[in-house]
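The values are calculated or read from the model by the stated rules, or taken from the named source; none is laboratory data. The shown structure was predicted, so the numbers you read here are calculated from the model rather than taken from an experiment. Using ideal geometry, Cβ is built from the backbone for each residue, glycine included, and neighbour counts are taken over all protein chains shown.
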Amino acid sequence: MAESEQEGVGQARPMRAVAFQLAQLGAHASQRFTERIAEIGLTPPEVGILRMIAAEPGRSQRALAAELGVVPSRVVALIDPLDRKGLIERRRSVTDRRNHELHLTPAAREALARVAKVAVAHETELTAELSDAEYRQFADLLARLAAARDLSPGVHPGYRMLGANSPS
């Protein structure tokens, strides 16, 4: 490691409020995304669940609960509104009749296509001040920080908080 690279290693860095700015930007990004997808009739947790089912059609509710890090009864509370909206189908597993497999409906695939367009516009607006190189570096740094904390890619840790005050 070069001498200039060693500076700051193991030493306290000057306070720049990076954690606060990440939280501030995250709250802003979350609020704007929530507003944008509300026009589609979805919430961020619903979009996340639909994306997870789209990535692995036929996964069980139990497998979804495990990936989200929540108890299976919480998944029922997350899935029921999507079922009522006609966006998912629960099918009995042919290999294990105790399990329900989750599948998207054509309406869900259409909604996810609309969400994808909203997400691209959202990210473009949020990062408009960055050059392409800065964008790639920023994305790489965020991924590195998330990986160092064992955060699951594509799984928002907020799922664990949904309904935390309600009985299971």
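Things worth noting here:
- Of all residues in the stretch 39-46, at least one satisfies being touching a residue at least 24 places away in the same chain (Cβ under 8 Å) and among the β-branched types (Val, Ile, Thr).
- ALA111 meets each of the listed conditions (1) under 24 Å from THR34 (Cα atoms); (2) at pLDDT below 95 apart from (2).
- Looking across the stretch 1-57, the residues that are among the acidic types (Asp, Glu), at pLDDT below 90 and assigned to a helix (DSSP H, G or I) come down to GLU3, GLU5.
- Tally of residues being surrounded by 14 or more Cβ atoms within 10 Å (Cβ to Cβ) and part of a loop (DSSP other than H, G, I, E, B) across the stretch 72-102: 3
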